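To start, the structure under review is shown below, and the notes come after it.
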Amino acid sequence: MNQLFPGDQVRVPEPAVKAVPCRAEHRTHFVTKVARKPLHVVLLDVEGRPRGDVTYVLKAEGRSLEGKTGDDGSLAHEIDARTTEVTLTVGDDAPRTLRVGHLRPMREVPDGGVSGVQSRLRNLGFFAGEVDGRMAPSTLAAMRRFLAWRGKPVNDVLDDALFAELEQAHGC
C-alpha cells in the first residue's frame, strides 16, 4: 500500500474540468471538499495492556484534537486524507511523531516482506532500527523478542505464521 515497485503500472486519469461562470468585477467563493480518512490508534503499555482513560492531544493539519483513550486504549479521529504525519502527546509523555500511511506490505514484495516486518515491529516497540528491508541482526533480535512476547516458538523465519502474528498484534 502506498508504494510502487519495479514493474508496477499506474494510470493517472485526466482531471475533470468544471467551468463556472463568474464576473471579473465580483468576488466569487469556491469551496472544495477534501477527502477524509479515519486514523485509529491503540495505545498499549510495555506489558501489552491497553492504556485506557488517558488524556491525549493529537496535532494534525494544524489542529489540536484532545480527548481520552477508550477502555481498550484506542483513539480515533477523521483526518485529511493527504496527512502524512501527526504528533501525539499522551498524558505527561513526550510528544511522538507518527507517520500516517507508511506501513509497508509483507507479502509479494521484492524484499520478501522484511521492510513490512520491520515497520510493524517498530510500531509495536520491538525494533528501533531503520526500516530498510535488510535482514540485519537487529531485525532478527526484534523478531525473536516479538515471538517470545506472543508466546510463540522463537525462530528467525519470515513466513506466513510470523506475518499473521504481526498482523494480529498490529491490527493490520
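Rule-based calculations on the coordinates, nothing more; no lab input. Worth saying up front: this structure is predicted, and the values here are computed from it rather than measured. When we count neighbours, we look across all protein chains shown, and the Cβ atoms used for this are built from the backbone with ideal geometry, even at glycine.
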Taking residue 66, is it farther than 18 Å from residue 122 by Cα, of a type in the set (Asp, Glu) and out of contact with any Asp or Glu (no Cβ under 9 Å at 6 or more places or on another chain)? yes
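Here is a check on your reading of the model: is residue 139 in contact with a Phe, Trp or Tyr (Cβ under 7 Å, 6 or more places away or on another chain) and either assigned to a strand (DSSP E or B) or surrounded by fewer than 16 Cβ atoms within 10 Å (Cβ to Cβ) (or both)?
Here the answer is no, as residue 139 does not meet what is asked.
Here is a yes/no grid of residues against (1) within 19 Å of the chain's Cα centre (by Cα); (2) part of a strand (DSSP E or B):
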{"position": "10", "(1), (2)": "no, no"}
{"position": "25", "(1), (2)": "no, no"}
{"position": "30", "(1), (2)": "no, no"}
{"position": "46", "(1), (2)": "no, no"}
{"position": "76", "(1), (2)": "yes, yes"}
{"position": "83", "(1), (2)": "yes, no"}
{"position": "103", "(1), (2)": "yes, no"}
Enumeration of residues in region 50-74 that are part of a loop (DSSP other than H, G, I, E, B), free of Cβ contacts under 8 Å to residues at least 24 places away in the same chain and under 23 Å from residue 169 (Cα atoms): 52, 53, 70, 71
Please go through region 16-68 and pick out each residue that is aliphatic (A, V, I, L, M) and farther than 17 Å from residue 93 by Cα. 16, 17, 19, 20, 24, 31, 34, 35, 39, 60
How many residues does region 85-101 hold that are under 15 Å from the mean Cα position of the chain (by Cα) and part of a strand (DSSP E or B)? 8
